[in-house]
Every structure is written in structure tokens, then in C-alpha cells.
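The values are calculated or read from the model by the stated rules, or taken from the named source; none is laboratory data. These numbers were taken from a predicted model, which means no experiment stands behind them. Here Cβ is always computed from backbone atoms with ideal geometry, including for glycine, and neighbour counts include all displayed protein chains.
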Amino acid sequence: MVTCGIEIKGSEIILCLLSKQDGLFQLPDCRQVRHAMKHSDDAEAMRKFQFMLKKLFEDYKIEHVVIRERPTKGKFAGGAVGFKMEAAVQLIDGLSVELMNNATMKDIIKHNPLPIHFSDTGLKAFQEGAFTVAYAALSKQPE
């Protein structure tokens, strides 16, 4: 099963596909790992954004998505556009969506350290948050 880790930064959604089989992690290629949300106040733009993500999830046979949770208040609080994008993902039919906060993620990684350094994965630097949340989600699941 392929899991999609998502990190939302501002009006951009960053994806990382990751799977685990027989204790080994695989990083499948993804045609587009960054998607910006333009005109977030336009309902049609939001529908197109959701449709595009749904198609991507179907094409890569993704059934489980884990989103790195953002605080709702404080210095690092997420903005309105980010929460709309999060809701658009959560409302896709047939998709299991989980939110994971930083404390949970760090605890899982503490008990299941990354087998390789992030720079050795071949992913772009901006994908590190999405990769980390996907890794944590797969590491806590029994095989």
C-alpha cells in the first residue's frame, strides 16, 4: 500500500509517496510533488484542486494519506488557505486521511529512527516534512 505524506505550507501542498513491504521502504516516483492553491476564495478553483488530487491519488493507487498537522494559533499557525486545502483532501471519497502532530511524529521516529539520512533519499529538500510524516505513519503500522 502506498502512503502519501503531505505537508501544507502557506498556499502550497507538498507530497511524498512512500510504501513499506517486508520491512523495506520504497519511494515511488510522483509526477508532481508540489501543488499551489490559487484563488482560494473561488469555489470552482477549490473543486479543481480537489479533483486534481483525487486523480493523482487514483493514478498512484493511494488509499492512505497522512497530513502533518499545523497549529491553529500561535507563531507557526496555519492559514485559512491551508486549512481549506486540508479539508479538500479529507473530503475525497474512498481515502483514509490521518492528521499527525509533531509530538506524535517525533515520538514514533525516536522509537523507529530513519534507516538512512534524508539527503540520501534523492528527494527534494522541500519534501522533507512530507517524507517524515509518511515515514512516521508507516513505521507505527504493523506489517
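So here's what we get for this one:
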{"quantity": "Single match in Lys110, Lys106 (criterion: among the charged types (D, E, K, R), assigned to a helix (DSSP H, G or I) and surrounded by fewer than 11 Cβ atoms within 10 Å (Cβ to Cβ))", "calculated": "Lys110"}
{"quantity": "Selection count, segment 73-103, where residues are part of a helix (DSSP H, G or I), of a type in the set (Gly, Ala, Ser) and under 30 Å from Lys48 (Cβ atoms)", "calculated": "4"}
{"quantity": "Residue within segment 41-55 that is surrounded by fewer than 16 Cβ atoms within 10 Å (Cβ to Cβ), at pLDDT below 90, within 30 Å of Asn112 (Cα to Cα) and of a type in the set (A, V, I, L, M, F, W, C) present", "calculated": "no"}
{"quantity": "Members of segment 1-12 that are assigned to a strand (DSSP E or B) and surrounded by 17 or more Cβ atoms within 10 Å (Cβ to Cβ)", "calculated": "Val2, Thr3, Cys4, Gly5, Ile6, Glu7, Ile8"}
{"quantity": "Positions within segment 13-33 being modelled with pLDDT under 95, touching an Asp or Glu at 6+ places or on another chain (Cβ under 9 Å) and assigned to a strand (DSSP E or B), in sequence order", "calculated": "Lys20, Gln21"}
{"quantity": "First in segment 114-126 and in contact (Cβ under 8 Å) with a residue 24 or more places away in the chain, second anywhere and among the aromatic types (Phe, Trp, Tyr) and outside any loop (DSSP other than H, G, I, E, B), Cβ under 8 Å, 6 or more apart", "calculated": "Pro115/Phe25; Thr121/Phe131; Leu123/Phe131"}
{"quantity": "Meets criteria (at pLDDT below 95 and aliphatic (A, V, I, L, M)) for Ile67", "calculated": "no"}
{"quantity": "Those residues of segment 35-58 which are assigned to a helix (DSSP H, G or I) and either at positive phi or free of Cβ contacts under 8 Å to residues at least 24 places away in the same chain (or both), in sequence order", "calculated": "Ala43, Glu44, Ala45, Arg47, Lys48, Phe51, Met52, Lys55, Glu58"}
{"quantity": "Test: residue in segment 62-70 that is touching a residue at least 60 places away in the same chain (Cβ under 8 Å), closer than 24 Å to Ser139 by Cα and surrounded by fewer than 17 Cβ atoms within 10 Å (Cβ to Cβ)", "calculated": "yes"}
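Residue-wise test of (1) within 30 Å of Arg47 (Cβ to Cβ); (2) in contact (Cβ under 8 Å) with a residue 24 or more places away in the chain; (3) out of contact with any helix residue (DSSP H, G or I) (no Cβ under 6 Å at 6 or more places or on another chain); (4) surrounded by 15 or more Cβ atoms within 10 Å (Cβ to Cβ).
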| site | (1), (2), (3), (4) |
| --- | --- |
| Ala88 | yes, yes, no, yes |
| Ser96 | yes, yes, yes, no |
| Leu99 | yes, yes, yes, yes |
| Asn102 | no, yes, yes, yes |
| Ala136 | no, yes, no, yes |
| Ser139 | no, yes, no, yes |
